[in-house]
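Q: Dropping a structure here in structure tokens format, bear with me for questions.
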Ligand SMILES: Nc1ncnc2c1ncn2[C@@H]1O[C@H](COP(=O)(O)OP(=O)(O)OP(=O)(O)O)[C@@H](O)[C@H]1O
Ligand SMILES: [Mg+2]
């Protein structure tokens, strides 16, 4: 199959332009990062407000009996941040899902797919262009959210920590290695589903189910069943890497004009 | 410039055969009509010829490209040389005219300066000039249709397929579009026009293929009209009395009754004397008989009528 970067980039530019003009989608894309940045700040602030609260000691001891009891607030801040990364990961999965379900199923909904496929663009160029148009803004948003989170946490936690809490090694690895793997996964699932269903809302809902395992993991961590940390996230990253490879294999079935044209359900 | 040659093209969707047995040729610079009722397979045919659907059987060649497509080139050569106006305009509503057209220019990798010259001329002609920067979502149905036509032409295709180009247009815009099509043909572009509207085809095309899941006829419009030959016979009294005599003729003819006027539908001109002789023999007093060309519409309806439900 032939591949011309210029045509893939034309698709990418068109989709970005369309995204910029889609106010409703932009707002729904921004709501999630907002929640993901503000919520941990609230929790950290609760710990910092009264660091010697005996209740905090009890919570810390629940998670770790060997905790240093002279500074439980710091322990809890580090713990919530390590746990929160799994929630942060919802963002790199979900934002590309929002964008790509629109971008792929939208072409069917608006009947623009046929003129598009009648042009020299190949399905591979189309999928690459559309994926870029979804991944680039998603990674930007996730990075920006991470920067805001670092600044926010450091400001709020300063009275207790007296040093920078974020960024730390685990978060840096997570944001720049694991999160892009998740974004690739979210985008891939959304592209695959929306190429089949041709209805952007349904595609979004189906692909959105992909965040459920993350919610399950978070519940396990907060319940104390699972211990979040670098090796824990490395394992999750490895699993998603395998899923990404599976998506690439599955996506090869997409690269057929007729299949794209005639699949309506 | 090369035209189009189609041989035994067929397309099935699962068990259903959408269209089969299509064979026709279109000369370079010709405006050719694909005429047929709803569901006849016009859109399916156009999709096969533009490389969107792979034919189940048969072959075709257009602009020097053979169908079925060879897998290595993925139809890029074909797509660069053909333009397609799809049934639905399919425009990006949030984007402006300029952005919509620019996108397709880039996909076709054409020289944008040249392409814009052509595009501006067409926009001017279609009364869309001056609105290049408005989002097309706010445009009327006709404006969208006209813009879609411009988009199908921005890469100066050799062969242009127009699937119902004037649907949704008011009479004046319809005429502007028809004039534009005629002019593009004069420039040497080959055009294939799908329609179920006979009058549109009549105005633009010299030759048509009448299809209804199979090829019913490929003919020039003059031939089609001649196929619609009829003889108007005025007889004394009620014409119905003489109809029985016609049924004894060795060839089959249709007929329509209107008081003392009997319209006999013929296959060939040479049958007229036989019809008159037959009526006279049966005792009819024939006052006058003259040949009437049946309206084209009837010839067309006859062609697309199912064998089983012929009247
Ligand atoms: N993707 C598809 N899957 C299954 N059947 C299809 C598909 N596309 C077309 N058909 C069938 O093929 C037949 C021909 O359809 P087509 O759209 O080519 O007709 P048409 O002549 O363009 O009709 P119209 O004048 O209504 O546009 C129809 O019976 C239709 O149901
Ligand atoms: Mg059609």
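The values are calculated or read from the model by the stated rules, or taken from the named source; none is laboratory data. All values reported here derive from a predicted model rather than from experimental measurement. Using ideal geometry, Cβ is built from the backbone for each residue, glycine included, and neighbour counts are taken over all protein chains shown.
Q: Taking the conditions exactly as written (at the interface with another protein chain (Cβ under 9 Å from one of its Cβ atoms) and closer than 25 Å to residue A:16 by Cα), does residue B:131 satisfy them or not?
A: So residue B:131 fails the test.
Q: Output the number of residues of segment B:94-116 satisfying the condition of being under 16 Å from residue A:107 (Cβ atoms) and either within 7 Å of another protein chain (Cβ to nearest Cβ) or within 16 Å of ligand 2 (Cβ to nearest atom) (or both).
A: 6
Q: When the residues of segment B:46-64 are narrowed to those that are away from chain A (no Cβ under 14 Å) and either touching a strand residue (DSSP E or B) at 6+ places or on another chain (Cβ under 6 Å) or closer than 17 Å to residue B:212 by Cβ (or both), which ends up farthest from ligand 1 (Cβ to nearest atom)?
A: Selected residue: B:61.
Q: Now for a different question. Does residue A:76 count as free of Cβ contacts under 8 Å to residues at least 40 places away in the same chain, assigned to a helix (DSSP H, G or I) and buried (at least 18 other Cβ atoms within 10 Å of the Cβ)?
A: yes
Q: Also: In segment B:161-197, which residue that is in a loop (DSSP other than H, G, I, E, B) and more than 12 Å from ligand 1 (Cβ to nearest atom) is surrounded by the most Cβ atoms within 10 Å (Cβ to Cβ)?
A: Step by step, filter segment B:161-197, then rank; the result is B:165.
Q: I need the full set of residues from segment B:115-134 which are in contact (Cβ under 8 Å) with a residue 40 or more places away in the chain and either in a helix (DSSP H, G or I) or in contact with a strand residue (DSSP E or B) (Cβ under 6 Å, 6 or more places away or on another chain) (or both), in order please.
A: B:115, B:122, B:125
Q: Check B:193, B:184 and return the single one that is at pLDDT 90 or above and either closer than 16 Å to residue B:159 by Cα or touching a strand residue (DSSP E or B) at 6+ places or on another chain (Cβ under 9 Å) (or both).
A: When all the criteria are applied, what remains is B:193.
Q: So is residue B:148 modelled with pLDDT of 95 or more, part of a helix (DSSP H, G or I) and facing chain A (nearest Cβ under 10 Å) or not?
A: Spelling it out, residue B:148 is indeed modelled with pLDDT of 95 or more, part of a helix (DSSP H, G or I) and facing chain A (nearest Cβ under 10 Å).
Q: Every residue in segment B:257-284 that is within 13 Å of residue B:244 (Cα to Cα) and surrounded by 12 or more Cβ atoms within 10 Å (Cβ to Cβ), please.
A: Passing the criteria: B:257, B:262, B:264, B:275, B:278, B:279, B:280, B:282, B:284.
Q: Go over the candidates B:284, B:277, B:270 one by one and state the one that is touching a residue at least 24 places away in the same chain (Cβ under 8 Å) and over 22 Å from residue B:301 (Cβ atoms).
A: Among B:284, B:277, B:270, only B:284 is touching a residue at least 24 places away in the same chain (Cβ under 8 Å) and over 22 Å from residue B:301 (Cβ atoms).
Q: So residue A:133 ticks every box in (1) away from chain B (no Cβ under 14 Å); (2) under 19 Å from the mean Cα position of the chain (by Cα); (3) under 26 Å from residue A:10 (Cβ atoms) but one. Which box is left unticked?
A: (1)
Table: residues versus (1) within 14 Å of chain B (Cβ to nearest Cβ); (2) in contact with a helix residue (DSSP H, G or I) (Cβ under 8 Å, 6 or more places away or on another chain); (3) at pLDDT below 85.
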site	(1), (2), (3)
A:219	no, no, no
A:222	no, yes, yes
A:233	no, yes, no
A:239	no, no, no
A:247	no, yes, no
A:264	yes, yes, yes
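Q: Which of (1) surrounded by fewer than 24 Cβ atoms within 10 Å (Cβ to Cβ); (2) assigned to a helix (DSSP H, G or I) does residue A:111 not meet, given it meets every other one?
A: Failed condition: (2).
Q: Can I ask one more? Which one is modelled with the lowest pLDDT, of the residues in segment B:229-250 that are buried (at least 21 other Cβ atoms within 10 Å of the Cβ) and not in a strand (DSSP E or B)?
A: B:239
Q: Answer yes if at least one residue in segment B:79-86 is surrounded by fewer than 16 Cβ atoms within 10 Å (Cβ to Cβ) and within 8 Å of chain A (Cβ to nearest Cβ), and no otherwise.
A: no
Q: Take the residues in segment A:2-56 that are exposed (fewer than 13 other Cβ atoms within 10 Å of the Cβ) and more than 30 Å from residue A:82 (Cβ to Cβ), then tell me which one is modelled with the lowest pLDDT.
A: A:3
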